[in-house]
Structure formats: structure tokens, C-alpha cells
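The values are calculated or read from the model by the stated rules, or taken from the named source; none is laboratory data. This structure is a prediction, so every number in the text was calculated from the model and none was measured. Here Cβ is always computed from backbone atoms with ideal geometry, including for glycine, and neighbour counts include all displayed protein chains.
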């Protein structure tokens with residue numbers, strides 16, 4: 001029960017435009033999260049599909065072109081592994097924590113050392129916060145036995 005503009009009690013009303021939706025299947029949510037990690041790790045880093053990421057890593061002091069490229073390959077392997085981990089559904093809470101730690105570390109270093117190279121730093125942060133929210137939803141859904 002709610003209150004009308006006069007403060008008197010009224011029965012709840014539902015607009016004919018209200019739609020109740022169920023959560024998507026857990027596998028679909030996990031798949032969406034894993035797809036991002038697999039794309040970033042495999043395509044962008046291991047296969048070199050995104051040259052811009054090399055430039056960002058090379059901008060970090062002490063990495064440079066040689067160490068930077070090796071670091072990017074190792075990061076690609078780690079991101080692919082996270083994608084597989086997400087799909088596996090094993091220890092979903094720990095997986096969400098690992099995803100958060102990695103992405104926050106990458107974003108912080110990118111903003112600190114390569115902000116001038118990143119096309120839209122604010123947009124990057126907004127997208128990654130939203131992505132991490134989805135990763136936590138996947139972990140919570142897993143914990144709920146869905």
C-alpha cells in the first residue's frame with residue numbers, strides 16, 4: 001500500500017506498461033562476462049588485434065617496447081584464463097574479486113601512465129565499472145544456486 005498526494009492510503013496501482021522480467025539464465029550471464037575477457041585477452045592481446053593496447057602498455061615507465069609487449073602477452077594469457085574461470089563457475093566469489101583487482105589495477109595504471117593515449121578515459125572507467133557489476137551479478141547468481 002502506498003499513499004496518495006493527500007497522504008491517505010491507497011492500493012498499489014500497476015501500469016499496463018509494467019513488465020516483470022526474470023533474470024537471464026546464469027550461463028548467459030557468465031558467457032557475457034567471459035566473452036569480454038576472451039575478446040580482450042585472445043583477440044586484443046595474444047593475436048595483436050588491438051595495436052592501441054600495446055601503445056598504452058609501452059607508456060608505462062620501465063616497460064617500454066620489449067618488456068611491454070611481453071607483459072601484454074602475459075596479460076592476454078591471464079585474461080583468457082579468467083574467461084575460462086568465469087565459464088567454469090568454480091569459486092565465483094573469488095573469481096569476481098580477481099576480476100575486480102585486475103581491472104582496477106589495469107585502469108589505475110592506464111590512467112596514471114597513459115591517460116594521454118587512452119581515447120576516452122572517463123568512458124573506459126564507466127564501461128569497466130558496469131562490466132564489473134555484471135561480473136558480480138554472475139557471482140551472486142552462482143552463489144544463489146541458480
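Of these, 54, 60, 19, which one is in a helix (DSSP H, G or I) and either out of contact with any strand residue (DSSP E or B) (no Cβ under 6 Å at 6 or more places or on another chain) or at pLDDT below 95 (or both)? First the steps, then the outcome.
Details: 60 fails: in a helix (DSSP H, G or I); 19 fails: in a helix (DSSP H, G or I).
Exactly one of 54, 60, 19 is in a helix (DSSP H, G or I) and either out of contact with any strand residue (DSSP E or B) (no Cβ under 6 Å at 6 or more places or on another chain) or at pLDDT below 95 (or both), namely 54.
Looking at 86, 77, 67, 126 in this structure, which one is assigned to a helix (DSSP H, G or I) and buried (at least 17 other Cβ atoms within 10 Å of the Cβ)?
The conditions single out 86.
Can you pull out the residues in the range 37-60 that are under 21 Å from residue 100 (Cβ atoms) and over 20 Å from the mean Cα position of the chain (by Cα)?
Listed by number, the list holds a single entry, 60.
Could you list all residues from the range 109-123 that are part of a helix (DSSP H, G or I) and loosely packed, with under 11 Cβ neighbours inside 10 Å?
Scanning the range 109-123 gives 122, 123.
Anything in the range 89-106 that is surrounded by fewer than 13 Cβ atoms within 10 Å (Cβ to Cβ) and either in contact with a helix residue (DSSP H, G or I) (Cβ under 9 Å, 6 or more places away or on another chain) or outside any helix (DSSP H, G or I) (or both)? List them, or say none.
Once the filter is applied, which keeps residues that are surrounded by fewer than 13 Cβ atoms within 10 Å (Cβ to Cβ) and either in contact with a helix residue (DSSP H, G or I) (Cβ under 9 Å, 6 or more places away or on another chain) or outside any helix (DSSP H, G or I) (or both), the range 89-106 yields 90, 93, 94.
Of these, 59, 35, which one is in contact with a helix residue (DSSP H, G or I) (Cβ under 9 Å, 6 or more places away or on another chain), touching a residue at least 40 places away in the same chain (Cβ under 8 Å) and surrounded by 14 or more Cβ atoms within 10 Å (Cβ to Cβ)? Break it down into steps so the answer makes sense when it comes.
On the way: 35 fails: surrounded by 14 or more Cβ atoms within 10 Å (Cβ to Cβ).
When all the criteria are applied, what remains is 59.
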